[in-house]
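The values are calculated or read from the model by the stated rules, or taken from the named source; none is laboratory data. Predicted, not measured: the structure shown is a model, and the values here were computed from it. Cβ coordinates were reconstructed from backbone atoms using ideal geometry, including for glycine residues, and neighbour counts include every protein chain displayed.
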Amino acid sequence: MTQASARTRPAPMAVSVVRTQTLSPTLTRVVLGGPELARFQPSPASDAYVKISFPAPGVEYPRPLDPERIRAEMPQEHWPVVRTYTVRSFDAAAVELTIDFVVHGDAGVAGPWAAAARPGDEVLLSGAGGGYAPAGDASYHLFIGDESALPAIAAALDALAPDAVGRVLVEVHGAASELALAAPEGVAVQWVHSGNRPVGRALVEAAVAVDFPADTVDAFVHGEAGFVKELRRMLRVDRGVPKERLSISGYWRTGATEEGWRAGKAEWNRQAEEAERAAGLV
């Protein structure tokens, strides 16, 4: 097999920051553009995501940015770090891609980059992928997540029919991190404050209190892996939500990098399926 035929995905796009916006103390919006973004193929999914390669601080890269050349010519510790982010929106006319980043001080790679981003800063971008869009046959839409899921939830709300009915539960640290979400009149938005409690604890308590029709619900539940695992058991085992009516996954895990979380995700899924099997659901 030749190198050309082995490539199954389009080459990454070198894109640059057009502008940034502080949405809240913990959320920063970055709008990306550039000539190469013209070949971006948007996903029809409301949870569309891209892979972004962030440059290592203080490292100069050959221009134009080329991941294969970087890997061939530079030591591994200088390779860009790849992270997965949800597409908030794509403006095909302006050729601009909007990504919302959770920022918690200097923690992580992407958050600090977004907080310090300036017009002209470059990254490499691949995608988009995605697998969820609101089900048209649902009588009730349920969205549950922490800030990492907020862009996907907001995009899903944009895609709902005007007469949709449902509930949104989003956990943020406090009132200062709440955003104005555009939702149909029949979809109630509830902000849950974590304060100093572990991520997801308040969210699980709020979710347990929600009443919904298990057989016709369309549920989207994403965020930190610990609370998502609890909610998966609650929805599948306790409430009997059919698997096909549930989009649920951990976007990240407390104390783990994205690489570490990916390595442990198969075991996470196995444990969740084991609990469902014990309840006779698999």
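The residues of segment 210-232 that are outside any loop (DSSP other than H, G, I, E, B), over 17 Å from the mean Cα position of the chain (by Cα) and within 13 Å of residue 143 (Cβ to Cβ), listed by number, are 217, 218, 231.
Against the condition under 19 Å from residue 102 (Cβ atoms), assigned to a helix (DSSP H, G or I) and assigned by TED's automatic domain parsing to the domain that holds residue 147, how does residue 267 come out, does it pass? Here the answer is no, as residue 267 does not meet what is asked.
Residues in segment 72-108 that are acidic (Asp, Glu), outside any strand (DSSP E or B) and touching a helix residue (DSSP H, G or I) at 6+ places or on another chain (Cβ under 9 Å): 106 alone. For the condition among the charged types (D, E, K, R), without any contact (Cβ under 8 Å) to a residue 60 or more places away in the chain and surrounded by fewer than 18 Cβ atoms within 10 Å (Cβ to Cβ), residue 69 qualifies. Filter segment 180-209 down to the residues that are part of a loop (DSSP other than H, G, I, E, B) and crowded, with 16+ Cβ neighbours inside 10 Å and list them by number. Once the filter is applied, which keeps residues that are part of a loop (DSSP other than H, G, I, E, B) and crowded, with 16+ Cβ neighbours inside 10 Å, segment 180-209 yields 181, 183, 194, 199, 200.
In the set 152, 159, 138, only one residue is touching a residue at least 60 places away in the same chain (Cβ under 8 Å), under 30 Å from residue 217 (Cα atoms) and touching a helix residue (DSSP H, G or I) at 6+ places or on another chain (Cβ under 8 Å); that residue is 138.
Hey, any hits in segment 118-141 for a residue that's more than 13 Å from the chain's Cα centre (by Cα), aromatic (Phe, Trp, Tyr), surrounded by 18 or more Cβ atoms within 10 Å (Cβ to Cβ) and over 15 Å from residue 57 (Cβ atoms)? The answer is yes, given that some residue of segment 118-141 is more than 13 Å from the chain's Cα centre (by Cα), aromatic (Phe, Trp, Tyr), surrounded by 18 or more Cβ atoms within 10 Å (Cβ to Cβ) and over 15 Å from residue 57 (Cβ atoms).
This table checks each residue for (1) at pLDDT below 90; (2) within 23 Å of residue 106 (Cα to Cα); (3) over 25 Å from the mean Cα position of the chain (by Cα); (4) not hydrophobic (A, V, I, L, M, F, W, C).
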{"site": "29", "(1), (2), (3), (4)": "no, yes, no, yes"}
{"site": "44", "(1), (2), (3), (4)": "no, no, no, yes"}
{"site": "48", "(1), (2), (3), (4)": "no, no, no, no"}
{"site": "55", "(1), (2), (3), (4)": "yes, yes, no, yes"}
{"site": "64", "(1), (2), (3), (4)": "yes, no, yes, yes"}
{"site": "73", "(1), (2), (3), (4)": "no, no, yes, yes"}
{"site": "78", "(1), (2), (3), (4)": "no, yes, yes, yes"}
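The residue list 151, 112 contains one member that is outside any strand (DSSP E or B), in the same structural domain as residue 259 (by TED's automatic domain parsing), surrounded by 14 or more Cβ atoms within 10 Å (Cβ to Cβ) and not hydroxyl-bearing (Ser, Thr, Tyr), which is 151. Taking the conditions (1) in contact with a Ser or Thr (Cβ under 6 Å, 6 or more places away or on another chain); (2) modelled with pLDDT under 95; (3) over 25 Å from residue 33 (Cα atoms) in turn, residue 171 satisfies each one other than (2).
Residue 173 satisfies every condition listed in (1) in contact (Cβ under 8 Å) with a residue 24 or more places away in the chain; (2) under 23 Å from residue 219 (Cβ atoms); (3) not assigned by TED's automatic domain parsing to the domain that holds residue 33 except (2). Annotation: residue 105 fulfils all but one of (1) surrounded by fewer than 15 Cβ atoms within 10 Å (Cβ to Cβ); (2) among the small types (Gly, Ala, Ser); (3) not assigned by TED's automatic domain parsing to the domain that holds residue 22; the unmet one is (3).
Residues of segment 235-264 being assigned to a helix (DSSP H, G or I), touching a residue at least 24 places away in the same chain (Cβ under 8 Å) and surrounded by 15 or more Cβ atoms within 10 Å (Cβ to Cβ), which ones? Correct list: 236, 237, 245, 258, 261. For segment 154-179, name all the residues that are assigned to a helix (DSSP H, G or I) and surrounded by 19 or more Cβ atoms within 10 Å (Cβ to Cβ). Once the filter is applied, which keeps residues that are assigned to a helix (DSSP H, G or I) and surrounded by 19 or more Cβ atoms within 10 Å (Cβ to Cβ), segment 154-179 yields 154, 155, 156, 157, 177.
Per the conditions (1) in contact with a Leu (Cβ under 9 Å, 6 or more places away or on another chain); (2) among the charged types (D, E, K, R); (3) in contact (Cβ under 8 Å) with a residue 12 or more places away in the chain; (4) surrounded by fewer than 17 Cβ atoms within 10 Å (Cβ to Cβ), the sole criterion not satisfied by residue 19 is (1).
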